1. How high is the relative contact order of the range 4-75, given as a whole-number percent (alpha carbon pairs under 8 Å, six or more residues apart)?
2. At 7 Å along the Cα-to-beta-carbon direction for both residue 43 and residue 12, put a label point, then send me their distance in nm to one decimal.
3. Within the range 1-33, list the residues whose amide N lies under 20 Å from a label point set 7 Å along Cα→Cβ of residue 74.
């Protein structure tokens, strides 16, 4: 799906309202970001065991949930890039 940017935080949440030439309107990129993030949050929370949920619950974005998961389950805090190299 090409949603890695949500988990690695390389694409920040877009502003909800954009101002173009003095006219304010809803930002379609905001809706896309929110929908994608909700999809990933649901997937992450739905694919861990119940005993892990209490460790990672409380994040408000897929990025924060992913970070909580890494902090709790990777004792030496390897990043995904470092994990691929080993």
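Every read-out reported here was derived from the displayed coordinates using simple, explicitly stated rules and does not represent laboratory data. Small disclaimer: the values here were computed from a predicted structure and weren't measured. Ideal geometry is used to build each Cβ from the backbone, glycine not excepted, and the neighbour counts take in all protein chains shown.
1. Worked out over the range 4-75, it gives 27 percent.
2. Between residue 43 and residue 12, the simple spin-label model gives 2.5 nm.
3. 2-12
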